[in-house]
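Everything below concerns the one structure shown next.
The values are calculated or read from the model by the stated rules, or taken from the named source; none is laboratory data. Please read all numbers here as calculations on a predicted model, not as lab measurements. Note that each Cβ is placed from the backbone with ideal geometry, even for glycine, and that neighbours are counted across all protein chains shown. Ligands, DNA and RNA are excluded from the accessible area calculation, which covers all protein heavy atoms including side chains. Shrake-Rupley method; radii C 1.70, N 1.55, O 1.52, S 1.80 Å.
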Amino acid sequence: MVTNIPNRIHIIGSVGSGKTTLARTLSAQFHIPYYELDNVVWERAEPDDIRRSEADRDALLLSIVNTKCWVIEGAHLKWVSPSFRRADLIVFLNPSYSTITYRIITRFIKQRLRLEQAHYTPTWDMFKKMFEWSTTYQRKGRYQIQDTLEDYPGKVVVVKDLKQLKQRLEQWRPPIEQQERTSG
């Protein structure tokens, strides 16, 4: 069964939950742009990124959510309510702690070996911070997300594992005719 393909998708979860990977997949599958909330918070610059003011950050988020189609991903919660309100679908990635830990370690190794790009320098300090963020998420962050998402009934899908995610993606696969139209 194919359900309507959502035009505006917000993906939220812990560091290492798979947000960016899913955003890239959905962006390619549906031919819509994706945005990383970290790039809304930070203006990428050399030698160091510059944190945007709250007003600039919020204005940038509004400029994105007021467009017709998007996938937005990030771990941010407190200031992203405009995205939640406009989203057709909110995907809460909530894998196990062991899955998140494995992904943090794997990502760090790949980044250190320059097999995967990062918007930050993959230092040991950053590696340590990812585990701190993950621990905070396990203790309270996921519950705060669950509480916040209760305000958006009918829009939220909680995904705990890859099998669940693949089943959901199959529901959104465009019909053959649409695939041919967009690829031709």
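Descriptive notes on the structure:
- The residue that is least open to solvent (accessible area, probe 1.4 Å), counting only those in region 136-154 that are charged (D, E, K, R) and in contact (Cβ under 8 Å) with a residue 40 or more places away in the chain, is Arg142.
- A single member of Leu61, Leu77 is touching a helix residue (DSSP H, G or I) at 6+ places or on another chain (Cβ under 7 Å), open to solvent by 10 Å² or more (accessible area, probe 1.4 Å), within 24 Å of Leu26 (Cβ to Cβ) and not β-branched (Val, Ile, Thr), and it is Leu77.
- The numbered conditions (1) among the aliphatic types (A, V, I, L, M); (2) open to solvent by 40 Å² or more (accessible area, probe 1.4 Å); (3) modelled with pLDDT of 85 or more are all true for Val157 except (2).
- Positions within region 26-59 being within 11 Å of the chain's Cα centre (by Cα) and either of a type in the set (Val, Ile, Thr) or modelled with pLDDT under 90 (or both), in sequence order: Leu26
- Taken together, Ser98, Ser63, Ser83 contain a single residue that is part of a helix (DSSP H, G or I) and touching a His at 6+ places or on another chain (Cβ under 7 Å), which is Ser83.
- Thr121 satisfies every condition listed in (1) under 24 Å from Leu26 (Cα atoms); (2) at pLDDT below 90; (3) loosely packed, with under 13 Cβ neighbours inside 10 Å except (1).
- Residues located in region 7-57, provided they are surrounded by fewer than 15 Cβ atoms within 10 Å (Cβ to Cβ) and not in a loop (DSSP other than H, G, I, E, B): Thr21, Arg24, Ala28, Asn39, Glu43, Ile50, Arg51, Glu54, Ala55, Asp56
- Among the conditions (1) surrounded by 17 or more Cβ atoms within 10 Å (Cβ to Cβ); (2) aliphatic (A, V, I, L, M); (3) assigned to a helix (DSSP H, G or I), the only one that Ile109 does not satisfy is (1).
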